[in-house]
1. Sort through ALA352, ALA330, ALA341 and tell me the only one that's more than 14 Å from the ligand (Cβ to nearest atom) and either surrounded by 17 or more Cβ atoms within 10 Å (Cβ to Cβ) or within 15 Å of VAL381 (Cα to Cα) (or both).
2. Considering each of GLY271, GLY241 in turn, give the residue that is surrounded by fewer than 22 Cβ atoms within 10 Å (Cβ to Cβ) and touching a Leu at 6+ places or on another chain (Cβ under 7 Å).
3. Among the listed residues VAL84, VAL99, identify the single one that is at pLDDT 95 or above, outside any helix (DSSP H, G or I) and aliphatic (A, V, I, L, M).
4. Only one of ALA210, ALA201, ALA223 is under 20 Å from PHE408 (Cβ atoms) and small (Gly, Ala, Ser). Can you tell me which?
5. For region 57-70, enumerate the residues that are surrounded by fewer than 16 Cβ atoms within 10 Å (Cβ to Cβ) and either assigned to a helix (DSSP H, G or I) or modelled with pLDDT under 95 (or both).
6. So, in region 284-323, of the ones that are of a type in the set (Ser, Thr, Tyr) and free of Cβ contacts under 8 Å to residues at least 60 places away in the same chain, which residue ends up farthest from LEU154 (Cα to Cα)?
7. Within the group ASP265, ASP275, which residue is of a type outside the set (A, V, I, L, M), within 27 Å of LYS119 (Cβ to Cβ), within 11 Å of the ligand (Cβ to nearest atom) and not assigned by TED's automatic domain parsing to the domain that holds VAL334?
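The values are calculated or read from the model by the stated rules, or taken from the named source; none is laboratory data. All figures in this text were calculated on a predicted structure; none of them were measured in a lab. Cβ atoms come from the backbone with ideal geometry, glycine included; neighbour counts cover every protein chain shown.
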Amino acid sequence: MKAAVAGTGYVGLFTGVILSELGHSVICIDTDRGKVALMDMGQPPIHEPGLAPMMKKNLEAGRLCFTTDYEEGCKGADAIFIAVGTPEDKNGRADLRFVREACMSIGRAVTSDVTVVTKSTVPVGTNDLIKDWINFELRDSSFEASVVSNPEFLRQGSAVHDSLYADRVIIGADDQNAGDLVEALYFPLNLPVIRTDIRSAEMIKYASNAFLAMKISFINEIAQLSERIGADVEEVAAGMGKDERIGSRFLQAGIGYGGSCFPKDTKALKGMAGDMGYSFKLLDAVEQVNMQQQTVLVEKALNRFGSVDGLRVTVLGLSFKPNTDDMREAPSVVIINQLLALGAHVSAYDPAAAAKAKNILPSSVRLVHELELSLYNSDFVFLVTDWAEFKRMDLRKVKWYTKQGILFDGRNIFSSEEARQAGIEYHSIGRPV
Ligand code: UGA
């Protein structure tokens, strides 16, 4: 089958590459000429394990190509995916500007009836608008658009795996044939397919992200309490997770969730509820706990040192999670700004995000390109992102290279026993010292 994908951000590029991997002929459309030229040469604009080889393979096989031209992209496409960004607007709502622009471009470009598949995370009800926007452009023709909501659930850092082995494919369609067409596109993956109406599919996306965010905030509150009461949150989470009704994933206590999805989608869902005259009380708490959790490392350092004024701090990890260079809503930014406001001197190391971080962090932050160098001569270390490189690190380096050998582990990647053996002072989240 032939598919077009409008927008080559994370979701769009992955949709295009995976569909081509399944044997479909895919053309990805993006208005950014520079980006399209790079992707055409097989260079993905994002850091994601496994993406570049898969992209190259399908480019070479002639199943995948890129264009800036909607007419070229939409020509003969069985389905056109919309995967443009829906950033947060100043009121915390999803900004649909790019979706609307894509709809107008699609409506002007198509030369037959068209099935439009929405991958972008859009507020419940938006697919009705999408249909109207495209059909408005088609008003002088005999063609018509059908829309299908097909939300994406992949995680950055494990997107290839998540796409190929997804737990489910959600297909929300009011038009049976359009839904069948999208189901046929995914057929080679042999995944469980759930067919729903359009609004339920749109809601499944928000409800899933909000639920996962709630799970994280819940375990972070259990961590807060565990510290005060003498329990170990890691053992609590392991014990809870064995109950299949709860599940073990997304119960990792830490410094709060970040990224381009959970913060934005929880806010947007709250906003949608507000628009309907309903107050989503649980989500208020989820957000509050998350903000509080981002300050937990600095509080621990203040408890330990009294003041951090003039102290040298090494921050290990900047991206909001490992295996990505994405800095959007990264807790590291909040933590570093707090440290700077309190007069600390900050050095930071990240295996992938330094280039992006440079544009976001204040220039007083020293970005170091080697782990050991970043540790050198610092008073204490904050571990902020759970990169594998840090998990593999010989903990004795903290003792050898820093002044006092003190580590605050914001992701609980080490155990107290490992720290004791390395001879360092170790602080973590929700565990006895
Ligand atoms: C999230 C969802 O997991 C995906 O299913 C969804 O498709 C995506 O949003 C999206 O809407 O596009 P992502 O933001 O890439 O994926 O990353 P996650 O792995 O979910 O992590 C989000 C944040 O939660 C990170 O800051 C991570 O460190 C934190 N986290 C995650 C925890 O603090 N504890 C956990 O147990 C899990």
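1. Working: ALA330 fails: more than 14 Å from the ligand (Cβ to nearest atom); ALA341 fails: either surrounded by 17 or more Cβ atoms within 10 Å (Cβ to Cβ) or within 15 Å of VAL381 (Cα to Cα) (or both).
Exactly one of ALA352, ALA330, ALA341 is more than 14 Å from the ligand (Cβ to nearest atom) and either surrounded by 17 or more Cβ atoms within 10 Å (Cβ to Cβ) or within 15 Å of VAL381 (Cα to Cα) (or both), namely ALA352.
2. Numbers: GLY271 fails: touching a Leu at 6+ places or on another chain (Cβ under 7 Å).
Being surrounded by fewer than 22 Cβ atoms within 10 Å (Cβ to Cβ) and touching a Leu at 6+ places or on another chain (Cβ under 7 Å) holds for just one of GLY271, GLY241, which is GLY241.
3. On the way: VAL99 fails: outside any helix (DSSP H, G or I).
Of the residues listed, the single one that is at pLDDT 95 or above, outside any helix (DSSP H, G or I) and aliphatic (A, V, I, L, M) is VAL84.
4. Details: ALA210 fails: under 20 Å from PHE408 (Cβ atoms); ALA201 fails: under 20 Å from PHE408 (Cβ atoms).
The conditions single out ALA223.
5. Correct list: LYS57, GLU60.
6. Kept after step one, since they are of a type in the set (Ser, Thr, Tyr), are these residues of region 284-323: 295, 307, 314, 319.
Checking which are free of Cβ contacts under 8 Å to residues at least 60 places away in the same chain leaves us with 295, 307.
Working: THR295: 28, SER307: 41 Å.
Result: SER307.
7. Numbers: ASP275 fails: within 11 Å of the ligand (Cβ to nearest atom).
Step by step, each of ASP265, ASP275 is checked, and only ASP265 is of a type outside the set (A, V, I, L, M), within 27 Å of LYS119 (Cβ to Cβ), within 11 Å of the ligand (Cβ to nearest atom) and not assigned by TED's automatic domain parsing to the domain that holds VAL334.
Here's the yes/no breakdown for (1) within 21 Å of VAL117 (Cβ to Cβ); (2) without any contact (Cβ under 8 Å) to a residue 60 or more places away in the chain:
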site	(1), (2)
VAL17	yes, yes
HIS24	yes, no
CYS28	yes, yes
ALA61	no, yes
LEU64	yes, yes
ASP69	yes, yes
